[in-house]
Amino acid sequence: VGVKTNWLNNRLSANLAFFWSDVDNYQILLNDPTGINTFIANGGVSTKGFELELNAKPAKGVELIAGFGYTDARFTRYTNPFTGQNFNGNRLTFAPDFTFNVGVQYRHSVGFFGRVDLQGVGTVFFDDTNRLKQDPFALVNARVGYEWKSGGVYLYVKNLFDQTYVTTAFTGFFDDLASYGDRRTVGIQVRANF
């Protein structure tokens, strides 16, 4: 359930949505003790939360964007088939408790374009025991360029401050293993409209 609103001749918009969902037979990916083979178990899951989006155009060519989302996603009926442990009430894997974004964009009539975004992610758990996790972190992305009617060329940088963060983790036969997110990435993008 939600609401979408526009104010000040569409110079300000605010959207708010609430959600709640119960899922039976939710598929849960599991690794065997070697950490190599993946198996599927089933359990019950409950998710609830809200999302808020704001967009403002305070001056010609300037756009401000912001958003925040909160999710409480938990196992309601789940026992690990390998260990026999009951994890009812534990947080769902790969479901951050919150996300947010804040951005400012400027587009000039002569073609100049610039944008900076801050994207944040709350605590993420990678296993049903809620032992392996990534603490909250934020990334800064930026883009500058020149645009014309049929295209544009841009210089961009993702993860501007070279933040280190984990995207997945699991327990292998000998130790915990993890994969990391992309480090700072710089590139050029060319866009053409046909």
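None of the figures in this text is laboratory data; all of them are computed from the coordinates on show. No experiment lies behind these values; they were computed from the predicted model shown. FYI the Cβ positions are ideal-geometry reconstructions off the backbone, even for glycines, and counts take in every protein chain you see.
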Trypsin sites (Lys or Arg not before Pro) in region 22-93 lying in a DSSP loop, each with at most 11 other Cβ atoms within 10 Å of its Cβ, come to Lys60
Could you count how many Lys pairs in the chain have their Cα atoms under 27 Å apart, skipping same-chain pairs fewer than 8 positions apart?
10
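Once the other residues with Cβ under 13 Å from the Cβ of Pro96 are scored (Lys, Arg +1; Asp, Glu -1), what is the net sum? Mind showing how you got there, number by number?
Working: positive: Arg91, Lys133; negative: Glu51, Asp72, Asp97, Asp135.
Result for the local shell: -2.
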Once the convex hull of the C-alpha atoms of the chain is built, how many Å³ does it hold per residue, rounded to a whole number?
164
Can you tell me the Rg and Dmax of region 68-145, counting just the alpha carbons, in angstroms?
18.9, 65
Can you list the trypsin sites (Lys or Arg not before Pro) in region 142-194 that are in a DSSP coil and have 11 or fewer other beta carbons within 10 angstrom?
Lys149, Arg183
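Counting Lys and Arg as +1 and Asp and Glu as -1, each charge on the Cβ, what is the dipole of the chain about the Cα centre in debye, to the nearest 20? Could the numbers behind the result be given before it?
Values: 18 positive and 17 negative charges, 208 e Å.
That gives the chain a dipole magnitude of about 1000 debye.
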Between Gln163 and Val3, with labels modelled 7 Å along Cα→Cβ, what's the label distance in nm to one decimal, could you check?
3.1
As an exercise, use a Förster radius of 30 Å and the Cβ-Cβ distance of Lys57 and Val23 to find the FRET efficiency, rounded to the nearest 0.05.
0.20
Most fluctuating residue given options Tyr70, Tyr154, Tyr165, as computed from a GNM of the chain linking Cα atoms under 10 Å:
Tyr154
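Less than 14 Å Cβ to Cβ from Gly181, Lys/Arg counted +1 and Asp/Glu -1: what total charge do the surrounding residues give? Before the final figure, lay out the partial values.
Values: positive: Lys158, Arg183, Arg184; negative: Asp135, Asp162, Asp182.
Taking every Cβ under 14 Å from that of Gly181, the sum is 0.
Dipole of region 85-194, Cα-centred, from +1 at each Lys and Arg C-beta and -1 at each Asp and Glu C-beta, to the nearest 20 debye?
On the way: 11 positive and 10 negative charges, 130 e Å.
Roughly 620 debye for region 85-194.
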Reduced to Cα centres, the span from region 43-104 to region 137-194 in Å works out to 21
